[in-house]
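The structure under discussion appears below in the form of structure tokens.
Rule-based calculations on the coordinates, nothing more; no lab input. In this text, all values refer to a predicted model and were calculated from it rather than measured experimentally.
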């Protein structure tokens, strides 16, 4: 599944805690900023393969002031016409953990810009 992520927005399947991300893409390079919920600011940077699979590194600053870093592999799936990313993630350091999350694409008008800092 070839996907251009440029300008697409995602949040946790079902809405989550209000955190959402806005993606950009140039060739195989992909990056995004995310914020909302308990996340003051976060970023991801990585690559996209020909099947639309994202391999990303991420960092985020939480409302508590904690800084969390890790990596993920996000595999695209279509569910009822909605693009969903199956995200297998791993956090490093004192916040070490692993898990699987699901991100669903949302319309551009659903949230304001990610750019506001809290």
Per q in 0.14 1/Å, what log10 I(q)/I(0) does a Debye calculation on the alpha-carbon atoms of the chain return? -0.54
Among beta bridges that DSSP assigns inside the chain, antiparallel share in %, nearest 5: 100 percent
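Tell me, in nm to one decimal, what length is gained between residue 69 and residue 24 on full extension, where the rule is 0.36 nm per residue of separation less the Cα-Cα distance? Write out the running numbers ahead of the final one.
Working: separation 45, 0.36 × 45 = 16.20 nm, distance 1.99 nm.
Result: 14.2 nm gained on full extension.
Calculate, in nm to one decimal, what residue 38 and residue 108 gain on full extension: separation in residues at 0.36 nm each, minus their alpha carbon distance.
On the way: separation 70, 0.36 × 70 = 25.20 nm, distance 2.13 nm.
Full extension of this stretch gives 23.1 nm more.
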Rotationally averaged projected area of the range 10-70 (alpha carbon convex hull; nm²): 4.2 nm²
